[in-house]
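Data first, discussion second: the structure below is written as structure tokens.
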Amino acid sequence: MPTSRSPLGSRRRLGAELRRLRTRAGLTLDEVAAQLTCSTSKISRLETGKGIPKLPDVRELIRIYGVTSDTEQEMLLRLVHDSREHGWWEPLLDGLPHDTVVDLSARHAALESDALRVSAFEIVWVHGLLQTPDYARAVLAATGRVEHDGEIDRLVELRRRRQEALLRADSPLELVLVLDESVLHRVVGSPAIMAEQLQHLLVMARRPNVSVRVLPFAGGARRGHAGAFGVIEFLPGAGSDVAYLEGHTGLTHLDGPGDVEEYRAVFGELLLASLDATASLAEIDRFRDIHESYAEGRPA
């Protein structure tokens, strides 16, 4: 079974194991809930990693499911322990306002920490996993979700820590990013910040686990243009894949199989309509030169 890098990852893995054991035992959610004398929704939340597991409940589920292997029991109980640990992001978010945004940021950081791959389409900004500190600061200031410099600094640091997943030596996170051409045009912060940001994209896109493609204006309107979104994929046994949407109030996560497959299909269409890797890097480099020219006060 894959290891977890976050408490949420441990909950998702525990949930996947509990669902597997329930299926093996031939029991329905209602039947398990009746034996555990709890609601069906509680069992469902445990299986989807949305509920925080309690040791007595999991011990009882082990009994109900007839788990006799010491190794299997120890693995389940270890996941319960790990799922109750604190995530690395919690000190950065502690005390920040706008609880919904903060909660979603924490969940997203946890999902990325344990993911195999993120496939994302961005229509306004560069993806957070590839933002430079100055660009991230300008984005956060523009959204108005946080108002004070200290709060912005903490969220910028959160993004920097998230980016470490791309750089880790052991199984780095894979990122497949499609950028609408408008992202290259839009001046975020200043021309100098844009030039630095696009240079960073060029550097990161040369890593074997990072792919950046540009969807040109010439490609016309696509159904993916309804808004920025992504699909987060996990190794088998690590919980179901998750789609997410970006909006004014932050991120919305969707884990229904139909939703995930729909967004996976839309992303595939956008990827096919994008420039190839070489042409995409050339386009990013061209816009880097343009922004750099404006920053230096010379004609583009």
Exercise. Would region 250-261 turn up any residue that is within 23 Å of the chain's Cα centre (by Cα) and closer than 16 Å to VAL178 by Cα?
Worked result: no
Exercise. Any residue at all in region 254-268 that is in contact with a helix residue (DSSP H, G or I) (Cβ under 6 Å, 6 or more places away or on another chain) and acidic (Asp, Glu)?
Worked result: no
Exercise. Can you pull out the helices (runs of 4 or more DSSP H) entirely within region 110-228 that have at least 2 residues that are in the same structural domain as LEU270 (by TED's automatic domain parsing), surrounded by 15 or more Cβ atoms within 10 Å (Cβ to Cβ) and without any contact (Cβ under 8 Å) to a residue 40 or more places away in the chain?
Worked result: 133-143, 149-167
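So which of GLU233, GLU283 is acidic (Asp, Glu), more than 30 Å from ARG11 (Cβ to Cβ) and in contact with a strand residue (DSSP E or B) (Cβ under 7 Å, 6 or more places away or on another chain)?
Going through GLU233, GLU283 in turn, the sole match is GLU283.
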Exercise. With SER240, SER274 as the choices, which residue is assigned by TED's automatic domain parsing to the domain that holds VAL176, in contact with a Ser or Thr (Cβ under 8 Å, 6 or more places away or on another chain), of a type in the set (S, T, N, Q) and over 21 Å from ALA109 (Cβ atoms)?
Worked result: SER274
For this session: From (1) over 18 Å from LEU175 (Cα atoms); (2) touching a residue at least 12 places away in the same chain (Cβ under 8 Å); (3) surrounded by 14 or more Cβ atoms within 10 Å (Cβ to Cβ), pick out the condition that doesn't hold for LEU271.
Result: (1)
Exercise. Which of the following residues is modelled with pLDDT of 95 or more and farther than 13 Å from ALA136 by Cα: VAL203, VAL188?
Worked result: VAL203
Exercise. Just for region 37-51: of the residues that are in contact with a helix residue (DSSP H, G or I) (Cβ under 7 Å, 6 or more places away or on another chain) and at pLDDT below 90, which one is surrounded by the most Cβ atoms within 10 Å (Cβ to Cβ)?
Worked result: GLY49
Problem set entry | Checking ILE232 against (1) in a strand (DSSP E or B); (2) out of contact with any Asp or Glu (no Cβ under 9 Å at 6 or more places or on another chain), the condition it does not meet | (2)
For this session: Name every residue in region 81-120 that is among the β-branched types (Val, Ile, Thr) and at pLDDT below 65, in order of residue number.
Result: THR100, VAL101, VAL102
Exercise. Only one residue in THR252, THR278 is under 26 Å from THR48 (Cβ atoms), among the hydroxyl-bearing types (Ser, Thr, Tyr) and surrounded by fewer than 20 Cβ atoms within 10 Å (Cβ to Cβ), so which one is that?
Worked result: THR252
Exercise. So is ALA33 at pLDDT 80 or above and either buried (at least 16 other Cβ atoms within 10 Å of the Cβ) or assigned by TED's automatic domain parsing to the domain that holds THR252 (or both) or not?
Worked result: yes
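The values are calculated or read from the model by the stated rules, or taken from the named source; none is laboratory data. Since the structure is predicted, the reported quantities are computational estimates derived from the model, not experimental observations. A quick note on method: Cβ atoms are made from the backbone with ideal geometry, for glycine too, and the neighbour counts reach across all protein chains shown.
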